[in-house]
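Engineer: Could you have a look at this structure, given as structure tokens, before my questions?
The values are calculated or read from the model by the stated rules, or taken from the named source; none is laboratory data. Not measured: the values here are computed from a predicted model. Cβ atoms come from the backbone with ideal geometry, glycine included; neighbour counts cover every protein chain shown.
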Ligand code: MRU
């Protein structure tokens, strides 16, 4: 018997995104896990910079924040020209997460046909609809995904050992998260869960995941990225769940670099590998993974480690001289054949059958 309501209530401990008058307040994720600092963003440039610098990060949150960025940009000028500037500026911030373009597309479709005088209120309202919709979506992904963890319990009646990568928890969304939503749902049901959290060099988003899980009381262990293979080989993982930044029509899925290696090792050792992603992450216009743009964030992030000092300042410690060659593809593509299922707000799907779940999607 299913113990959980379809939409369990998950309240973010600190809102990742909230309206504050003519501005928004976001959580500065570059300060975590040592400092919980909110930032007020009141201009288009400030919103764009926050996304580009990854103060705001995670595919669904990037999209919702960009939607509010459009509203902010229209604050004193609701002309077509200003709308164009807002859409273009925000679209250029990061290339891989399609949620950004999904949200901007929604804003444009809503605002462009309106007379200029009606655009500002409509922009704030549409952005809020996107934000609230993402929270609902996360709850639904949690409700569907928890069945995978319940199945492990039914089979083995004990601890469920999940591996994840990067951060696809509440910090990356406006709700409970995507990959972590089933984990939080299971934890709420009293299912014993342990999460393997890979640190996710070079930006170490895994440390954000560890922070989230610690705050929520979910047992977890941080591992070096390269430790994933040995854990999978030793049979210490029941299932892998990660988020995604863009899922192509054939199910190929782009996510934080390192995801692909986990999927390969999971396949080798017979461990199910799931992607948790909402419709806003699915790009039906993109036929397969080769068409997904992969962000290159430049060598500096690889040559150094970023941390937060006791005074809260973000600091970089050099690992190698500036002259050492370095490459930094920020995402990789896991081919659909390595993916057991894609968990969406409408249920879990074989990666090649996403269209069946969303027949109406453009
Ligand atoms: O570069 P980031 O930190 O924005 O990348 C985030 C990820 O890769 C997440 O796994 C993905 O956006 C899913 S978030 C629900």
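Engineer: Quick test for you: out of 298, 352, 307, 347, pick the one residue that is more than 26 Å from residue 281 (Cα to Cα) and either surrounded by fewer than 16 Cβ atoms within 10 Å (Cβ to Cβ) or at pLDDT 95 or above (or both).
Structural biologist: Only one candidate passes the filter, namely 307.
Engineer: Additional query: Tell me which of these residue 11 doesn't satisfy, since it passes every other one: (1) part of a helix (DSSP H, G or I); (2) within 22 Å of the chain's Cα centre (by Cα); (3) loosely packed, with under 15 Cβ neighbours inside 10 Å.
Structural biologist: Only one criterion in (1) part of a helix (DSSP H, G or I); (2) within 22 Å of the chain's Cα centre (by Cα); (3) loosely packed, with under 15 Cβ neighbours inside 10 Å is unmet by residue 11, namely (1).
Engineer: Within segment 50-62, is there a residue that is in contact with a helix residue (DSSP H, G or I) (Cβ under 9 Å, 6 or more places away or on another chain) and more than 16 Å from the ligand (Cβ to nearest atom)?
Structural biologist: So far as segment 50-62 goes, no, none of its residues is in contact with a helix residue (DSSP H, G or I) (Cβ under 9 Å, 6 or more places away or on another chain) and more than 16 Å from the ligand (Cβ to nearest atom).
Engineer: Given the conditions (1) in a helix (DSSP H, G or I); (2) within 25 Å of residue 201 (Cα to Cα), and given that residue 144 satisfies all but one, which numbered condition is not satisfied?
Structural biologist: Every listed condition holds for residue 144 apart from (2).
Engineer: Within segment 317-324, can one find any residue that is over 23 Å from residue 138 (Cβ atoms), part of a strand (DSSP E or B) and away from the ligand (no atom under 16 Å from the Cβ)?
Structural biologist: Yes, segment 317-324 has at least one match.
Engineer: Output the residues belonging to segment 153-174 that are in a strand (DSSP E or B) and either more than 10 Å from the ligand (Cβ to nearest atom) or surrounded by fewer than 24 Cβ atoms within 10 Å (Cβ to Cβ) (or both).
Structural biologist: Across segment 153-174, the qualifying residues are 160, 161, 162, 163.
Engineer: Considering each residue of segment 71-95, count those that are within 16 Å of the ligand (Cβ to nearest atom) and buried (at least 20 other Cβ atoms within 10 Å of the Cβ), and give that number.
Structural biologist: Matching residues across segment 71-95 total 3.
Engineer: Those residues that are under 22 Å from residue 76 (Cβ atoms) and either part of a helix (DSSP H, G or I) or touching a residue at least 60 places away in the same chain (Cβ under 8 Å) (or both), I need them from segment 18-58; list them, please.
Structural biologist: Hits for segment 18-58 are 19, 44, 45, 46, 47, 48, 49, 50, 51.
Engineer: More than 15 Å from residue 66 (Cα to Cα), at pLDDT 95 or above, crowded, with 19+ Cβ neighbours inside 10 Å and out of contact with any strand residue (DSSP E or B) (no Cβ under 7 Å at 6 or more places or on another chain), is that true of residue 177?
Structural biologist: Against the criterion (more than 15 Å from residue 66 (Cα to Cα), at pLDDT 95 or above, crowded, with 19+ Cβ neighbours inside 10 Å and out of contact with any strand residue (DSSP E or B) (no Cβ under 7 Å at 6 or more places or on another chain)), residue 177 does not qualify.
Engineer: Got a sec? Which of 326, 265, 254 is in contact (Cβ under 8 Å) with a residue 24 or more places away in the chain, crowded, with 20+ Cβ neighbours inside 10 Å and more than 19 Å from the chain's Cα centre (by Cα)?
Structural biologist: Exactly one of 326, 265, 254 is in contact (Cβ under 8 Å) with a residue 24 or more places away in the chain, crowded, with 20+ Cβ neighbours inside 10 Å and more than 19 Å from the chain's Cα centre (by Cα), namely 265.
Engineer: Determine, yes or no, whether residue 293 is within 14 Å of the ligand (Cβ to nearest atom), in contact with a helix residue (DSSP H, G or I) (Cβ under 6 Å, 6 or more places away or on another chain), under 26 Å from residue 357 (Cβ atoms) and at pLDDT 95 or above.
Structural biologist: No, not satisfied.
Engineer: Tell me which residues, restricted to segment 325-335, are more than 16 Å from the ligand (Cβ to nearest atom) and either outside any loop (DSSP other than H, G, I, E, B) or over 25 Å from residue 290 (Cβ atoms) (or both).
Structural biologist: 325, the sole residue that qualifies.
Engineer: Answer yes or no: is there a residue in segment 253-272 that is closer than 19 Å to residue 346 by Cβ and either more than 10 Å from the ligand (Cβ to nearest atom) or at pLDDT 95 or above (or both).
Structural biologist: yes
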